[in-house]
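Take a look at the structure set out below.
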Amino acid sequence: MRHLLTLLLVSASAEAAVHATNKDQQSTIARWTGEKICEMGVDAFYALPDPELKIMYEQDTSMLYEDIPTAPNDQVKARITGQLMGYLMAACPQQLENYKNR
């Protein structure tokens, strides 16, 4: 029984590590999202279906779409959101307001 519990814990830790993103990846996510929002607008970007987002993301970055955290912790969420908002403020401030009001 103890071996089974150890195996489950190791498997869970390995899975969490696979789905974790580092700061460079978080910057890539924020920058790419900001670029697309500036190009398309907030509403059009968030209306895209996942399969289309996946294709675009994987063509434009060196990451897999599955690398994007689906349930990031508060620190990761704050880092990505802060970088995204900074990008929007610098590149297309009109979309920043749309993003905030979303």
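Mind listing whichever residues of the range 16-34 are surrounded by 16 or more Cβ atoms within 10 Å (Cβ to Cβ) and either among the hydrophobic types (A, V, I, L, M, F, W, C) or within 14 Å of LEU96 (Cα to Cα) (or both)?
Answer for the range 16-34, where residues must be surrounded by 16 or more Cβ atoms within 10 Å (Cβ to Cβ) and either among the hydrophobic types (A, V, I, L, M, F, W, C) or within 14 Å of LEU96 (Cα to Cα) (or both): ILE29, ALA30, ARG31, TRP32, THR33, GLY34.
Looking only at the range 59-80, count how many residues are open to solvent by less than 60 Å² (accessible area, probe 1.4 Å) and free of Cβ contacts under 8 Å to residues at least 24 places away in the same chain.
Qualifying residue count, the range 59-80: 1.
Take the conditions modelled with pLDDT of 95 or more and acidic (Asp, Glu) and apply them to GLU58. Does it pass?
Spelling it out, GLU58 is indeed modelled with pLDDT of 95 or more and acidic (Asp, Glu).
The values are calculated or read from the model by the stated rules, or taken from the named source; none is laboratory data. The model shown is predicted, which means the values in this text are computed figures rather than measured ones. With ideal geometry, Cβ positions are generated from the backbone for all residues, glycine too; neighbour counts draw on all protein chains shown. The protein model used for the area step is the full one, side chains on, heavy atoms only, and it has no ligands, DNA or RNA in it. Shrake-Rupley method; radii C 1.70, N 1.55, O 1.52, S 1.80 Å.
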